[in-house]
Structure formats: structure tokens, C-alpha cells
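Asks: Submitted below is the structure of interest, expressed as C-alpha cells.
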Protein chains: 2
Amino acid sequence: MIKKARLFTPGPTALHPEVQAALARPIVHHRTDEFRALIKECTAGLKAFLRTEDDVITLASSGSGGMEAALVNVLSPGDKMLALVAGKFGQRWEKLGRAYGMKVASLGATWGEAVTPAAVAEALERDAEVRAVFCQFSESSTGVAHDVKALAEIVHRHPDTLLVVDAISGAGAMTLETQAWGIDLVVVGSQKALSLPPGLAFVSVSERAWKRVESTTTPRFYFDLRRERAGLARGEPGFTPAIALVVALKASLDAIAAAGGVESLVANAGLLARMTRAAAKALGLPLVAPRDHGDALTALFAPQGLDATAIVKGLKSTHMSTVAGGQGELKGKIFRVAHLGYYDVTDILGLLSTLETVLQSLGHKFDLGCGVAAAQAEFIRHTAGR
Amino acid sequence: MIKKARLFTPGPTALHPEVQAALARPIVHHRTDEFRALIKECTAGLKAFLRTEDDVITLASSGSGGMEAALVNVLSPGDKMLALVAGKFGQRWEKLGRAYGMKVASLGATWGEAVTPAAVAEALERDAEVRAVFCQFSESSTGVAHDVKALAEIVHRHPDTLLVVDAISGAGAMTLETQAWGIDLVVVGSQKALSLPPGLAFVSVSERAWKRVESTTTPRFYFDLRRERAGLARGEPGFTPAIALVVALKASLDAIAAAGGVESLVANAGLLARMTRAAAKALGLPLVAPRDHGDALTALFAPQGLDATAIVKGLKSTHMSTVAGGQGELKGKIFRVAHLGYYDVTDILGLLSTLETVLQSLGHKFDLGCGVAAAQAEFIRHTAGR
């Protein structure tokens, strides 16, 4: 039987066909006027994507490199940081901070819930020494979204505190107004809503943050944002750029712009997320984040008595569709379906249909087609409401 | 909203990704040892695809060019031919014959039905002058399949009569034993089960047929199979080959072989066809060919009171999925969904899911998800039976 390999993982996501075509092009040299112009166009496109006029730096690294760049450029050794830890990626902020000798304070949440803005407000009032707050816009391990708009408002009450948002899987999946909300640093990765392969990280830096960057004493070289800023206006990165990925980035940004911009991409992920949540309800699959879910992905518990790993394996072996399993303390208990990036209604209906056949083969009791029907109804509501 | 363009038409079909990659390669020259070797490998692969040791000629033309080549090489002006006409493509045999001055006798069938072997047997016994019988393996306008195995047996009772089968959309979708069944000429197109773009036609020629070809007096040049046969063993076509398509053909044949060969491709189309027929029954969409349907495609009437054109347009505008409308006398009454080629279970479930939303939006009454559920059940039956 033909089985097409499909990724429904919250990174890497499906490549946009224009990205694939761009990646197939012959390599060009980066020390040319053409490539410098391309970099500048990409930077302009990234600003539109992040809704900001702040500088946006492109790094040849994965998203975690972008997180490291954000942290080491705004904190000096011994500085106090507050990490919001709602899952595995929140823990990464803690680990990064400790690796560089920061004083790490954390606000945890039960996995499946967000850290509340009220808790952050209280923590900052209690502790005036916090130099920066770190959080995830979308916590990929649970599908939880943080209210970064409210967080920015709270952090801004403290003139010496910056807000750093890992929006690696959140940007392009949910509304993010980097500049209007006043988020100091936003980190994004290429293999998410931008539907590129991994290998590029993007960091936006506010004017307020640049002042901090200048005075930070943490040793840094490859991820030194000062060097990147110096070449930004000329389209000259500090080190050899990931040329093919940058060429593909331009194709992705052009495709997004042609399809209605980041707002349209966000609306798309929102619809697929609503369809998936409707199907989950009909099929008796509990949401990992019933209240605080975002739209970048949906994390679902396996039905009572079923092994989530068997669901992931069944979709892979029977249909070659890859969904993500659980991470950390949710390993084996949940599976995760991506909505961010280049997916459409036919994709999600196909996935939900095959998911039903896998659930049935594993002994879960439900009426075949009921999850799909709920998703279809959600889609029909959406089209009626336009 | 993101809408991925998807073709569910019985030609062109979705390209295999290995075909896409091959088409992106730089052009090579055909007067080289490498390309001659490639042609020979393709010919070997086509023989495996058609299950024959007969010569298989590759022409740079669409499928209709292959039909013309088959006809002008086996009939001389004034020869009598028998065309089995079960739809639009059957009519093409009649038109071709008339264009070249043949005496054209026809056996018609109501659209949606096949011409029976018994009728052909009777016609050949009544008229000893018929030099060749022409038919479609899969009549794409209705989804009807002809029993070409039985037809070959009947035609072979008449030593001076050849059987010419247009298997353009049938080969690779249903079992076809060219040599074992003794089909004299089989015509195939590239844009069908081989999941290539259009532009190549393939014609297999039996030894019995070659004798006829040598004595045929119909004027011919580009489609002169004698010239093609002369260069076949050396990998040298008579005219400049469609180089990029031949390179892609090799990729397609390799991918088919790696996935289990033509038998696996046929089983795949069969499963998708059964799933589609099950969904159609549940949704109240009458089959155009309830008895004589093949598996290359499924042709469906619109539900009572609904315009089939609106279904085709709805799938296109709302989901960018293209299914085929009706042709000839079925125009506006039916739509057609392809199964031949590079499609999988997730594809057809996605299409059937979106089809349901279109049917509902057009006012057709049914329980959302019931067609998908019937298709899922058919798939589960299939996996249980393996």
C-alpha cells in the first residue's frame, strides 16, 4: 500500500512547496550584493511576521541557540532571573540560566496549566532583583499558551526587568504583537510556523533590551547579538549564514505574505486547533490543557486504559503519519498534533480519520466517524461565520 | 486559510516526490551512453509494469498519440475495425479510425456499462473482416472497466484479428497481464498510475502484432513503430525523446519497484476504490457504473436535485481539491474521483471528509461523518484481512 510520510509534529512541520523548490536551487555566495539584499528583505519579512519594528537577528542555529542568545545577552553572571516553568521548555530556561551562573528563580505550574500573570506580578513585587522574566508563548510539551500580553504589561511596571519570550512554536500560530505589547526579546525557530527545515533562529530585540545587551558581561562569541546588530543594516551576518535556509526563508516569507500575512497563518492554525479539540471531545480524548491551551498544537491524553505510545506507533506504522508523543512527566500518557505552519483542513481531517481507525484497532469504543463529524461541523461553523 | 492544491483527477494524477526531484535535475543529453542505458532500464521497467516480454515503445506524446500509433500501425486504409464504445474514450477510437479512412464498426454500451465479451464474440463471428478490436481497459468517462482478459480470449479465436487496449488509465490500477492474456497492443500514458506529468505514451506490441505492423500501408512518420523498434535494443528512440520525463520515468519505476511492484500499486487503487464506493453508498451518491466499475476511478452521480458541477466547484474553491466533472452526455451530472497512482488512505479520507462538508453546504441531507465512517470501516476490514 502507498503510505505518504506526513509530519504532524510541532516542529519540524511540513515544508512549504516553495521552500522545497528554493532548497533545490544551486548554492549562491553570501558575500555578494544579491545575498545582502536578500538578507535585508528577509529581515523586513521577519519584522512583519513578528509585528515589530525592533531589530530581528537571524542566527544559524536551532531554536535553543536563539534561547541561549537571548539569555546570555541580557543577563550577567549572578543576575537573578525568573523562569515560568509550565513544561519541558520552561525547564530549558532554568537549565540555561544555571549553565551560565545566573540566580534562577522559578514559577511552576502543573503540566497542562499556564503560569498566571497574577503569580508573576506577585513574584516581581516580592523580589525587586529579577532582571529578566523568561517564558514560553506556546509550551510545546503540553500545548499550553502563556498570556504574554498580560505578562508584558506586568513586567513593564519594573523598569529594570525585561521580558524574554520563547515564541519558537507560538509565533505564527497565535496573535503576537511584539512591539505593541512591548516584548523585549522574542525567539523564533525556522522549523515551526515558517515551514522551513530547522537551522535558523530569529531573535527580536527591543531598544530597551539593546541597552541591557551593551552592558551585559556574560562571555559570548557566536551568539553575541552586538556583532549581529553591527552588520544588520548592511545585510552582513557575523558568521557564515546558513545560505540555503536563508534563500528558503525568503520563499516562505513571500508565500506567507501572498496568502494574507501572519494574521491569516494564525487564523488557519486556530481553525485546525478548534477542529481537533472538537474531534477530541467527541472521541473522548481529554485535552492536556483544557483551560490554558494554545493553538500551535493540541496535546491529548490517550483514552482510559490505552497507551499513548501505541497511538503514536499505530499512526506511524499504519499510515506513516508522525504525531509527537509525550515528553518528561507526560511521556507515554499523551500525544500531540501540530497546527502551526503549512497544514490545511484536508490535512487535519485526513489525520483525524486515520487516528480514529487506530483508536478503534486499539480497542477504544466510539462510533467510527464521530470525531471527524465534530471537526467537520466546526469547519462548517467557521465557513458560515465568515 | 491555507489550502493545498490537490489533484484527485484520473490524470494528471499527483506526482510522486521522487518524480518531482528527478524533474528538478539538470538536463542531460540523449546521445550519450548514460542516457541510452537509462532508456533500456526504463523499457525493462515498463515491461515489468505491463507484465510482458513484448517490446514496449516509449513515445514523446500524450496518451492519444499512443492510441494513434497503435491504430495507424496495425490498420491499412479501408480495413475494418471494431470499436467498443462505452464512453468518451471509446468514441476516440471511432474518430481515429474515421480520420484514417478505416471502416469503423462499433459496439456501444449505455454509459456506465461495459460492452460484454459475449457481444464481441457474436460480432466477430458475424463479421470475419474485422482486422482489429479496440477498447478501453478503464473507460475514464464513466469508471467502467472492460474484461480485457475475456476479450483477448475471444479475439484470439480469429487469427487475423488483433486486440488493441487503451490501458491509459487502467494499467497500474487493475490487474493487467499483457502477455499471459495475449493482448496485442497496450497503450499507456505517463500521467496516470505512473504518477508522472503527461508527455509520454507507451505502446506494447506483441510478436503477432509486429507482423501486421510490417505490412500496414497507412502513411505514418512520427508514430511509425517500425522506426522505434529498430532503435529499441540500442536505447535510441526515433526522435528526440522527452528527456526530463524519461529521467523522471526511471524514478517512478524505481519507486514502484521499491514499494512492491505493480501488484502493490493495483492493490492500493483497489482499496481506495472500495473505500470510496462504501462512502458513496452511505452518503447516497449513486455509482455511475454500479456493476461494471473498475478501480482506476469512481464516477458518482450527484444526489437527487444537486448539481454535480457545484460539487466540483465547491471542492475546488473551498479546499483546492480538484476532482473531475462529467464528460459528454454525463456533463453536469456526475463527478469523478481518481484512485490510480500516488494516493494513500489519508488522502482519500481527507477528500471524502471535505466532500461531505461540500455536500452539506449544498443542502444534501445526511449525518456528517457517515461516509467517512463507511470508508474507515472498509479500511479496517482490509487491514483485518491481511
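The values are calculated or read from the model by the stated rules, or taken from the named source; none is laboratory data. Small disclaimer: the values here were computed from a predicted structure and weren't measured. Cβ coordinates were reconstructed from backbone atoms using ideal geometry, including for glycine residues, and neighbour counts include every protein chain displayed. Quick note on the areas: whole protein, heavy atoms, side chains included, nothing else; ligands and nucleic acids left out. Shrake-Rupley method; radii C 1.70, N 1.55, O 1.52, S 1.80 Å.
Asks: Inside segment B:315-329, can you point out the residues that are under 19 Å from the mean Cα position of the chain (by Cα) and more than 22 Å from B:Ala5 (Cα to Cα)?
Replies: Matches in segment B:315-329: B:Gln327, B:Gly328.
Asks: Can you tell me how many residues within segment B:321-351 are buried (at least 20 other Cβ atoms within 10 Å of the Cβ) and either over 30 Å from B:Asp254 (Cα atoms) or small (Gly, Ala, Ser) (or both)? Spell out how you get there, then give the answer.
Replies: Of the residues in segment B:321-351, the ones buried (at least 20 other Cβ atoms within 10 Å of the Cβ) are B:321, B:323-324, B:326, B:330, B:334-351.
If we keep only those that are either over 30 Å from B:Asp254 (Cα atoms) or small (Gly, Ala, Ser) (or both) as well, we get B:321, B:324, B:326, B:330, B:334-335, B:338, B:341, B:350.
Here the count works out to 9.
Asks: For segment A:265-317, how many residues meet the condition of being touching a residue at least 60 places away in the same chain (Cβ under 8 Å), over 25 Å from A:Gly385 (Cβ atoms) and β-branched (Val, Ile, Thr)?
Replies: 1
Asks: Hey, another quick one. From the list B:Leu297, B:Leu287, pick out the single residue that is in contact with a His (Cβ under 7 Å, 6 or more places away or on another chain), away from every other protein chain (no Cβ under 14 Å), closer than 25 Å to B:Ala171 by Cα and crowded, with 22+ Cβ neighbours inside 10 Å. Break it down into steps so the answer makes sense when it comes.
Replies: Working: B:Leu287 fails: crowded, with 22+ Cβ neighbours inside 10 Å.
Criteria check complete, one pass: B:Leu297.
Asks: Only residues that are assigned to a strand (DSSP E or B) and under 18 Å from A:Ala233 (Cα atoms): list them for segment A:43-89, please. It would help to see each step written out before you state the result.
Replies: Here is the first cut: in segment A:43-89, the residues assigned to a strand (DSSP E or B) are A:55-59, A:80-85.
Across segment A:43-89, the qualifying residues are A:Asp55, A:Val56, A:Ile57, A:Thr58, A:Leu59.
Asks: Now for a separate question. Please enumerate the residues belonging to segment A:15-58 that are aliphatic (A, V, I, L, M), within 14 Å of chain B (Cβ to nearest Cβ) and crowded, with 19+ Cβ neighbours inside 10 Å.
Replies: Hits for segment A:15-58 are A:Leu15, A:Val19, A:Ala22.
To keep it simple, each residue is scored yes or no on (1) within 9 Å of chain A (Cβ to nearest Cβ); (2) out of contact with any Lys or Arg (no Cβ under 8 Å at 6 or more places or on another chain); (3) hydrophobic (A, V, I, L, M, F, W, C).
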{"residue": "B:Ser321", "(1), (2), (3)": "yes, no, no"}
{"residue": "B:Ala324", "(1), (2), (3)": "no, no, yes"}
{"residue": "B:Phe335", "(1), (2), (3)": "no, yes, yes"}
{"residue": "B:Leu352", "(1), (2), (3)": "yes, yes, yes"}
{"residue": "B:Thr357", "(1), (2), (3)": "yes, yes, no"}
{"residue": "B:Val372", "(1), (2), (3)": "yes, yes, yes"}
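Asks: Would it be correct to say that B:Leu368 is buried (at least 19 other Cβ atoms within 10 Å of the Cβ), under 23 Å from A:Gly369 (Cβ atoms), in contact with a Phe, Trp or Tyr (Cβ under 6 Å, 6 or more places away or on another chain) and facing another protein chain (nearest Cβ under 10 Å)? Please lay out each step first, then the result.
Replies: Values: buried (at least 19 other Cβ atoms within 10 Å of the Cβ): yes; under 23 Å from A:Gly369 (Cβ atoms): yes; in contact with a Phe, Trp or Tyr (Cβ under 6 Å, 6 or more places away or on another chain): no; facing another protein chain (nearest Cβ under 10 Å): yes.
No, not satisfied.
Asks: Same structure, new question: Specify which of the listed residues (A:Lys192, A:Lys250) is among the basic types (Lys, Arg) and part of a loop (DSSP other than H, G, I, E, B). Break it down into steps so the answer makes sense when it comes.
Replies: Working: A:Lys250 fails: part of a loop (DSSP other than H, G, I, E, B).
Going through A:Lys192, A:Lys250 in turn, the sole match is A:Lys192.
Asks: Please report, ordered by residue number, the strands (runs of 3 or more DSSP E) entirely within segment B:90-177 with at least 3 residues that are open to solvent by 20 Å² or more (accessible area, probe 1.4 Å), at pLDDT 95 or above and aromatic (Phe, Trp, Tyr). So that I can check it myself, show each step before the final result.
Replies: On the way: elements: B:103-108, B:130-136, B:162-166.
The strands (runs of 3 or more DSSP E) meeting that bar number zero.
Asks: Given the options B:Ala244, B:Ala267, name the one that is out of contact with any Ser or Thr (no Cβ under 6 Å at 6 or more places or on another chain), modelled with pLDDT under 95, open to solvent by 20 Å² or more (accessible area, probe 1.4 Å) and in a helix (DSSP H, G or I).
Replies: Numbers: B:Ala267 fails: modelled with pLDDT under 95.
Only one candidate passes the filter, namely B:Ala244.
Asks: Just for segment A:374-386: of the residues that are more than 9 Å from chain B (Cβ to nearest Cβ) and without any contact (Cβ under 8 Å) to a residue 24 or more places away in the chain, which one is surrounded by the most Cβ atoms within 10 Å (Cβ to Cβ)?
Replies: By that ranking, first place goes to A:Arg381.
Asks: Still on this structure, I have one more. Which of the residues spanning segment B:261-284 are away from every other protein chain (no Cβ under 14 Å) and in contact with a His (Cβ under 8 Å, 6 or more places away or on another chain)?
Replies: B:Arg277, B:Gly284 - these are the residues of segment B:261-284 that are away from every other protein chain (no Cβ under 14 Å) and in contact with a His (Cβ under 8 Å, 6 or more places away or on another chain).
Asks: Testing A:Leu306 on (1) away from chain B (no Cβ under 14 Å); (2) open to solvent by less than 30 Å² (accessible area, probe 1.4 Å); (3) part of a loop (DSSP other than H, G, I, E, B), one condition comes back false. Which one is that?
Replies: Answer for A:Leu306: the failing condition is (2).
Asks: Being modelled with pLDDT of 95 or more, small (Gly, Ala, Ser) and at negative phi is the filter here; which residues of segment A:362-386 pass it?
Replies: A:Gly371, A:Ala373, A:Ala374, A:Ala375, A:Ala377
Asks: Give me the residue from segment B:337-349 that is in contact with a His (Cβ under 9 Å, 6 or more places away or on another chain) and in a helix (DSSP H, G or I) and, out of that set, farthest from the other protein chains (Cβ to nearest Cβ).
Replies: Taking segment B:337-349 as the starting set, the residues that turn out to be in contact with a His (Cβ under 9 Å, 6 or more places away or on another chain) are B:341-342, B:344-346, B:348.
With the extra rule that they be in a helix (DSSP H, G or I), the set shrinks to B:345-346, B:348.
On the way: B:Val345: 6, B:Thr346: 4, B:Ile348: 8 Å.
Among residues in segment B:337-349 that are in contact with a His (Cβ under 9 Å, 6 or more places away or on another chain) and in a helix (DSSP H, G or I), the one farthest from the other protein chains (Cβ to nearest Cβ) is B:Ile348.
Asks: Looking at (1) crowded, with 20+ Cβ neighbours inside 10 Å; (2) touching a Leu at 6+ places or on another chain (Cβ under 7 Å), which is the only condition B:Thr218 fails?
Replies: Exception for B:Thr218: condition (1).
Asks: Also, I was wondering about something else. If I ask for residues that are surrounded by fewer than 24 Cβ atoms within 10 Å (Cβ to Cβ) and under 16 Å from the mean Cα position of the chain (by Cα), which ones from segment A:68-83 would you list?
Replies: Hit for segment A:68-83 is A:Glu68, nothing else.
Asks: Going through segment B:178-207 one residue at a time, which ones are touching a residue at least 40 places away in the same chain (Cβ under 8 Å), surrounded by fewer than 19 Cβ atoms within 10 Å (Cβ to Cβ) and over 16 Å from B:Gly63 (Cα atoms)?
Replies: B:Gln179, B:Ala180, B:Glu207
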